[in-house]
Amino acid sequence: MHMQETITVANGKRAYGALNARFGTAGRLAAARALLVWDSQTYMPSGGAWSRGEELAAIDSARKDLIDAPDTAELFQAAQAAGDSLSQLERINLEEMRRLWRHIAAVPKDLMMERARQISNLQGVWAAAKPSNDFARFAAGFERLMPLNREMAQAKAAALGLAP
C-alpha cells in the first residue's frame, strides 16, 4: 500500500467512526422519541399534547442537525474511500446510514417539526374521539396533517428521484 492510500484508508476509517457516532446518537434520540410517543398513547395526562409535540419536534430537529450536518456528504465520501479496510458489517452499516441520511436530508427541518407537532396534537384528539367513534372530531386535525404528509412525500420524491 502506498503512503497516499494509507492516508486515505485512515481518513476513511476516521470518517466512518464519526458517522457511526453521529448516527448512534441519532438512534438513541429516536428511541427516546419512541418512548415519548408510547407515553403519549398510554399514560400522558390530557392536556399534555402541546408540550409533547414541542418535545418531539425538538428531538426531530436535533436528529436532523446530527445526521444532516454540513460535513456529512464529505464524511460519506471519505468513509467510502476506506473501501475494503472496512469490515462487511461496517460497509453494510455505512450504506444504511447513507440511506437514512438521504431520507432525512430530503425533508426540510421546519416541515419535520410541524408534522411532529400536528401528530402529537392529533393523538389526544383521536384518543378522545375513538370511544364514541366520532371521526368528525378528528377530521379537522387530520385535514391539517395530510398536506404535511404530502409535502414530505414531494420533498423525498424530488430528492430521491422517486414518485411520491
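The values are calculated or read from the model by the stated rules, or taken from the named source; none is laboratory data. From a predicted model like this one, the values you see are computed outputs, not experimental measurements. Cβ sites come from the backbone with ideal geometry, for glycine too, and all protein chains shown count toward neighbours.
When segment 125-155 is filtered for residues that are in a loop (DSSP other than H, G, I, E, B) and surrounded by fewer than 12 Cβ atoms within 10 Å (Cβ to Cβ), the ones remaining, listed by number, are Pro131, Ser132, Asn133.
Is there any pair with a first residue in segment 98-127 that is more than 30 Å from Tyr16 (Cβ to Cβ) and a second that is among the hydroxyl-bearing types (Ser, Thr, Tyr) and crowded, with 17+ Cβ neighbours inside 10 Å whose Cβ atoms are under 8 Å apart and which are 6 or more apart or on different chains, and what are they? Going by the 8 Å Cβ cut-off, the qualifying pairs are Ser120/Ser40; Gln123/Ser40; Gly124/Ser40. Looking across segment 128-164, the residues that are free of Cβ contacts under 8 Å to residues at least 60 places away in the same chain, within 19 Å of Ser40 (Cβ to Cβ) and of a type in the set (A, V, I, L, M) come down to Ala129, Leu145, Leu148.
Per-residue answers, yes or no, for (1) at pLDDT below 95; (2) farther than 18 Å from Arg14 by Cα; (3) among the charged types (D, E, K, R):
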site: Ser40; (1), (2), (3): yes, yes, no
site: Met44; (1), (2), (3): yes, yes, no
site: Glu95; (1), (2), (3): no, no, yes
site: His103; (1), (2), (3): no, yes, no
site: Met113; (1), (2), (3): no, yes, no
site: Ala129; (1), (2), (3): yes, yes, no
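Residue by residue, here is whether (1) aliphatic (A, V, I, L, M); (2) buried (at least 19 other Cβ atoms within 10 Å of the Cβ); (3) within 28 Å of Ala32 (Cα to Cα) holds:
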{"residue": "Ile67", "(1), (2), (3)": "yes, yes, yes"}
{"residue": "Thr72", "(1), (2), (3)": "no, yes, yes"}
{"residue": "Ala78", "(1), (2), (3)": "yes, yes, no"}
{"residue": "Ser85", "(1), (2), (3)": "no, no, no"}
{"residue": "Leu100", "(1), (2), (3)": "yes, no, yes"}
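Considering segment 41-78, and only residues there that are in a helix (DSSP H, G or I) and over 19 Å from the mean Cα position of the chain (by Cα), the residue that is nearest to Glu95 (Cα to Cα) turns out to be Gln77.
Would you mind stating whether Ile92 is of a type in the set (A, V, I, L, M, F, W, C), part of a helix (DSSP H, G or I) and either farther than 30 Å from Gln41 by Cβ or in contact with a His (Cβ under 6 Å, 6 or more places away or on another chain) (or both)? Criteria met by Ile92. Is segment 13-25 home to any residue that is crowded, with 17+ Cβ neighbours inside 10 Å and within 30 Å of Asn121 (Cα to Cα)? Taking every residue of segment 13-25 in turn, at least one turns out to be crowded, with 17+ Cβ neighbours inside 10 Å and within 30 Å of Asn121 (Cα to Cα).
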